[in-house]
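The values are calculated or read from the model by the stated rules, or taken from the named source; none is laboratory data. Remember, predicted model here, so these are calculated numbers, not experimental data. Glycine also receives a Cβ, built like all others from the backbone with ideal geometry; neighbour counts cover every protein chain displayed. When the accessible area is computed, the model is the full protein with side chains, heavy atoms only, and any ligands, DNA or RNA have been set aside. Shrake-Rupley method; radii C 1.70, N 1.55, O 1.52, S 1.80 Å.
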Amino acid sequence: MARNLDASIPATTLFDEASLLAFDQALESLGEEVDEDIYQQLLQLKHQIIHIAKIASTLDIDAHCSIDDRHYLRESLRRYLPDSLQSYLRVPIAMRSSQRITADHTANDLLKQQLSLLQAEFSKREAQISKNAAEQLVQQQRFLEEKISSQ
């Protein structure tokens, strides 16, 4: 299955370079290890990370993103996502989609759910960072309105 990867994830102060590189390399090396749905989810996660990294590169991220959010984003890329992928890859490939490993879920089901959880959390934090970044524009609007009304 041919998989076309886009450009590498840009390094920022939000994500450490080693984690970005490891995720990029994992995407390149997965090959036939994951089904197309999972691969697409991973690409969506990569796009979210790229977008968050681009936003972060234009901001004073410490001022626009809470310590908890920065920690979660860093650790998600550094540990949570790789841990999920490694656990999944330990399941024999023949079992991943055919055998239930819990009462209701196959390995594919569990990985998809874990990726969905990560995507949802990344989306929440991306929205908050964007909202915080836009606050400076709102403050500038108030400043200008005050200047005009005081004349």
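What the table shows:
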read-out	value
Qualifying residue in the stretch 113-131 (condition: open to solvent by less than 90 Å² (accessible area, probe 1.4 Å), without any contact (Cβ under 8 Å) to a residue 12 or more places away in the chain, among the acidic types (Asp, Glu) and closer than 21 Å to SER19 by Cα)	no
Test result for LEU110, in a helix (DSSP H, G or I) and open to solvent by 60 Å² or more (accessible area, probe 1.4 Å)	no
Qualifying positions in the stretch 13-25 - assigned to a helix (DSSP H, G or I) and surrounded by 13 or more Cβ atoms within 10 Å (Cβ to Cβ)	SER19, LEU20, LEU21, ALA22, PHE23, ASP24
Total residues in the stretch 26-52, condition modelled with pLDDT under 90 and not in a helix (DSSP H, G or I)	1
The one condition in (1) out of contact with any strand residue (DSSP E or B) (no Cβ under 8 Å at 6 or more places or on another chain); (2) at pLDDT 85 or above that SER57 fails to fulfil	(2)
Condition check for ILE55: part of a helix (DSSP H, G or I), surrounded by 18 or more Cβ atoms within 10 Å (Cβ to Cβ) and among the β-branched types (Val, Ile, Thr)	yes
Within the stretch 80-97, considering residues that are of a type in the set (A, V, I, L, M) and under 20 Å from LEU42 (Cα atoms), the one most open to solvent (accessible area, probe 1.4 Å)	ILE93
Breaking point among (1) touching a helix residue (DSSP H, G or I) at 6+ places or on another chain (Cβ under 6 Å); (2) farther than 22 Å from PHE23 by Cα; (3) open to solvent by less than 70 Å² (accessible area, probe 1.4 Å), for LEU77	(2)
